[in-house]
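The values are calculated or read from the model by the stated rules, or taken from the named source; none is laboratory data. Not measured: the values here are computed from a predicted model. Neighbour counts run over all protein chains shown; Cβ positions are idealised from the backbone, glycine included. SASA here: full protein model, heavy atoms, side chains in, ligands and nucleic acids out. Shrake-Rupley method; radii C 1.70, N 1.55, O 1.52, S 1.80 Å.
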Amino acid sequence: MPLLIAFSVLLGWMRISTYIRAEFLRLRKREFVEASRAQGGSLWRILFTHIFPNALGPIVTFSPAEIASNIYLLAILDYLGLGL
């Protein structure tokens with residue numbers, strides 16, 4: 001079981017990372033980020049006060065679907081005889 005979970009974690013991060021990257025790229029062009037940049041905000045300040053809190057909503061809603069797909073994958077492997 002630990003080996004199956006390890007493989008699931010090692011290979012499952014790619015789907016959510018592309019979603020997070022797309023969300024950050026979408027948010028960096030928004031008006032509130034441009035205004036903060038125009039006021040002289042540093043990169044880290046813009047990331048942690050503007051982009052990251054606004055990106056959490058879609059990430060949190062996407063996470064349960066990812067968890068369910070990983071459980072489904074483990075069930076499929078168990079059905080094929082490769083699970084527990």
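Using the structure shown, decide if LEU84 is modelled with pLDDT under 90, more than 30 Å from ARG28 (Cα to Cα) and assigned to a helix (DSSP H, G or I).
Against the criterion (modelled with pLDDT under 90, more than 30 Å from ARG28 (Cα to Cα) and assigned to a helix (DSSP H, G or I)), LEU84 does not qualify.
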* Residues (open to solvent by 70 Å² or more (accessible area, probe 1.4 Å) and under 15 Å from LEU3 (Cα atoms)) located in region 52-74 -> ILE71, LEU73
* **Criterion: of a type outside the set (Val, Ile, Thr) and within 13 Å of the chain's Cα centre (by Cα) - qualifying residue of ALA65, ALA38** => ALA65
* Residues in region 30-45: is at least one touching a Pro at 6+ places or on another chain (Cβ under 7 Å) and assigned to a helix (DSSP H, G or I)? -> no
* Asked: Condition test on LEU77, is it hydrophobic (A, V, I, L, M, F, W, C), open to solvent by 90 Å² or more (accessible area, probe 1.4 Å) and out of contact with any Leu (no Cβ under 6 Å at 6 or more places or on another chain)?
  -> no
* To do: Mind listing whichever residues of region 1-40 are open to solvent by 90 Å² or more (accessible area, probe 1.4 Å), touching a residue at least 24 places away in the same chain (Cβ under 8 Å) and touching a helix residue (DSSP H, G or I) at 6+ places or on another chain (Cβ under 7 Å)?
  => ARG15
